[in-house]
1. Tell me, which residue of segment 95-117 that is of a type in the set (D, E) and not in a strand (DSSP E or B) is nearest to R15 (Cα to Cα)?
2. Which one is farthest from the chain's Cα centre (by Cα), of the residues in segment 60-76 that are more than 22 Å from G48 (Cβ to Cβ) and free of Cβ contacts under 8 Å to residues at least 60 places away in the same chain?
3. Does at least one position in segment 71-93 carry a residue that is in a loop (DSSP other than H, G, I, E, B), touching a helix residue (DSSP H, G or I) at 6+ places or on another chain (Cβ under 7 Å) and aliphatic (A, V, I, L, M)?
4. Looking at A79, A45, which one is within 24 Å of R121 (Cβ to Cβ), buried (at least 17 other Cβ atoms within 10 Å of the Cβ), without any contact (Cβ under 8 Å) to a residue 24 or more places away in the chain and of a type in the set (G, A, S)?
5. Counting just the residues of segment 32-70 that are assigned to a strand (DSSP E or B) and charged (D, E, K, R), which one comes out nearest to I118 (Cα to Cα)?
6. Quick one: in segment 7-17, which of the residues that are exposed (fewer than 15 other Cβ atoms within 10 Å of the Cβ) and closer than 17 Å to L69 by Cβ is modelled with the highest pLDDT?
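The values are calculated or read from the model by the stated rules, or taken from the named source; none is laboratory data. What you are looking at is a predicted structure, and each value in this text was computed from that prediction instead of being measured. Neighbour counts are summed over all protein chains in view; Cβ atoms, including those assigned to glycine, are modelled from backbone coordinates with ideal geometry.
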Amino acid sequence: MRVKFAELPVVDQDRAIAFYTRALGCTVAADAPMGDDGWRWVELAFPGAETHLHFLRRENDEPSDDPVLVLVDADVPGAVKGLRDHDVEIVSEPQDAPWAPGTTFAEFRDSEGNRMVITDR
């Protein structure tokens, strides 16, 4: 999977860390205190990638209807199966992208309700 640096809005950092390490195979690259309120600087790394995810504090539990991250994987159906095996909510099954003929995409939600896209290009 290829991803550029991304900041994701989260409410519960521990829940998000558990989701990304379990469902997407990320590793914790940084986890350090950031102030007196318990919020931490957290970075997650994708396996074999130089990309890191950083969590932004989200003020409430309302998930975004707009995708906040696009992941690239050559096998979208296989990636969706892997997500489903981890009980990840699949928003849309793999399908042809109307904006890019020959491209397959699907959508899912992370532990914080963020909508994600996975595509093969």
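1. Filtering segment 95-117 down to residues of a type in the set (D, E) leaves 96, 107, 110, 112.
Among the residues that remain, those that are also not in a strand (DSSP E or B) are: 110, 112.
Details: D110: 10, E112: 8 Å.
Among those residues, the one meeting the criterion is E112.
2. Looking at residues that are more than 22 Å from G48 (Cβ to Cβ) and free of Cβ contacts under 8 Å to residues at least 60 places away in the same chain, I get N60.
3. Filtering segment 71-93 for residues in a loop (DSSP other than H, G, I, E, B) gives 73-75, 86-88.
Among the residues that remain, those that are also touching a helix residue (DSSP H, G or I) at 6+ places or on another chain (Cβ under 7 Å) are: 73, 86, 88.
Retained after the next criterion (residues that are aliphatic (A, V, I, L, M)): 88.
Yes, that holds for at least one residue.
4. Numbers: A79 fails: without any contact (Cβ under 8 Å) to a residue 24 or more places away in the chain.
Testing whether each residue is within 24 Å of R121 (Cβ to Cβ), buried (at least 17 other Cβ atoms within 10 Å of the Cβ), without any contact (Cβ under 8 Å) to a residue 24 or more places away in the chain and of a type in the set (G, A, S) leaves just A45.
5. The residue in question is E43.
6. R15
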